[in-house]
1. Within the set of pairs 6+ apart or on separate chains, which have a first residue in segment 248-259 that is of a type in the set (F, W, Y), a second that is outside any strand (DSSP E or B) and open to solvent by less than 30 Å² (accessible area, probe 1.4 Å), and C-beta atoms under 7 Å apart?
2. Have a look at C113, C94 and point out the one that is out of contact with any helix residue (DSSP H, G or I) (no Cβ under 7 Å at 6 or more places or on another chain) and either over 29 Å from T163 (Cβ atoms) or open to solvent by 30 Å² or more (accessible area, probe 1.4 Å) (or both).
3. Across segment 139-172, which residue is nearest to the chain's Cα centre (by Cα) among those that are among the polar types (S, T, N, Q) and over 19 Å from V56 (Cα atoms)?
4. Among the listed residues S88, S138, which satisfies the condition of being polar (S, T, N, Q) and either open to solvent by less than 10 Å² (accessible area, probe 1.4 Å) or within 20 Å of A183 (Cβ to Cβ) (or both)?
5. Given segment 45-115, what strands (runs of 3 or more DSSP E) lie entirely inside it while holding 3 or more residues that are at pLDDT 95 or above?
6. If the Cβ limit is 6 Å and pairs must be 6+ apart or interchain, which residue in segment 260-278 that is more than 15 Å from T241 (Cβ to Cβ) pairs with which residue that is hydrophobic (A, V, I, L, M, F, W, C) and surrounded by 15 or more Cβ atoms within 10 Å (Cβ to Cβ)?
7. Just name the residue that is surrounded by the most Cβ atoms within 10 Å (Cβ to Cβ) out of those in segment 262-279 that are more than 15 Å from I220 (Cβ to Cβ) and over 37 Å from the mean Cα position of the chain (by Cα).
Amino acid sequence: MLQRKRKGKKKGKKGEKAPTTPGRVERLVKWMMRHADKQAALPADLLFHFFQSQIVAVSAQFGLLGDMSAISAAGDGTPVVTSAYPRSKPTCDCRAHGIADCNHHRLYSQPDCNSGWDSARERYFNGYHLYMISAADSKHDLPLYPRLHPASRHDAVSLVMSTVEFKQRFTLGTVDNMLLDAAHDAESIYLLLEHQGMEAFIDLNVRSKKNITSTTASDIQISPTGIPIYPNGNPMKPNGTDYKLHRRKWRCTPACGCSTAKYGRTFYTKTKDDPRLFTKTPRDSEKWKLTYKRRSSIERSNKREKIDYKLESGRHSSTMMWYMRLYGIMICQHMDAWYVSQKDEWDKKKSMICPSAA
């Protein structure tokens, strides 16, 4: 594919995700929500159809993915290095004429790849940004849907595209919860997941230390962590949750000096007012903690693919071959889980069929 010569980028910092343009996620979410019903064909659709019908379905029958009527899924991105440098050839003879740095188009053999910042290795790399969705309730951290994005893409952008594609193609159950890290903490993502019928469990990324004014009471402020603050500076205390109306009650007792009323002052925060701060399941609740602790399953799944099965050891020069390698690894992950879960049954059958071999 012909493209302009790619320019170098500013070096990132350790632990820092790939940058994204302000407002890009919000614009992408609005576009995706308008077109979510229109499924566009993808080159890897045949691979996913085989993987879902012949592999994931078996794991579901063995009970290795959790409750298929209320699946908890986790998503996260990880860098995949494909080559030391971008593979490209010039389409001009400028170098022969002594022009070392020209702006003519170059022929890239892997146009789906580009350069991105690897925060763990603290260096730039050329390749893909693999965004994986896995079954969070699976004891074996089994993968459900992979998507190879350009290396420079941010986790939040990758999630928006991947979750819409996954929702359109996954037919074995219903995804109720989506577990994500703080890199996905954007209000538009909460709205997208709610539009898809999923509840977002996302770690809060506190961007500011300033309180904001409540939209329902002018004298009440909201802290960056979603706690109402009374005018005298005292934080209100939680006083129950109405799960049907998706609102939370807060109370400031007379001892705090917030009100002269006998019961004190009450205040309600509603999910519809700010789905990011006022989540359906409160972040300090036991249900949130029990659900969110399974988010790390996606990191273990990515580790299995990259370290145990040596995903990056491939020397392929096309996205098709990288998808073939990736799906082959995912199939092995599921087959490993089959063996572990059925090992006792296999040992019994082996002793019955061939006692000498057992």
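1. W250/M236
2. C94
3. S158
4. Numbers: S88 fails: either open to solvent by less than 10 Å² (accessible area, probe 1.4 Å) or within 20 Å of A183 (Cβ to Cβ) (or both).
Answer to the check: S138.
5. Numbers: elements: 71-83, 88-90, 106-108.
It comes to 71-83.
6. Once the first residue is more than 15 Å from T241 (Cβ to Cβ) and sits in segment 260-278, its partners that are hydrophobic (A, V, I, L, M, F, W, C) and surrounded by 15 or more Cβ atoms within 10 Å (Cβ to Cβ) give G264/C252; R265/C252; R265/C258.
7. Y263
Results for (1) open to solvent by less than 10 Å² (accessible area, probe 1.4 Å); (2) of a type outside the set (S, T, Y); (3) farther than 30 Å from S341 by Cα, shown as yes or no for each residue.
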site	(1), (2), (3)
L144	yes, yes, no
R147	no, yes, no
P150	no, yes, yes
R153	no, yes, yes
M161	no, yes, yes
T174	no, no, no
H195	no, yes, yes
P235	no, yes, yes
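The values are calculated or read from the model by the stated rules, or taken from the named source; none is laboratory data. Computed from a predicted structure; not experimentally measured. Here the Cβ is made from the backbone with ideal geometry for all residues, glycine too, and neighbour counts use every protein chain on show. SASA here: full protein model, heavy atoms, side chains in, ligands and nucleic acids out. Shrake-Rupley method; radii C 1.70, N 1.55, O 1.52, S 1.80 Å.
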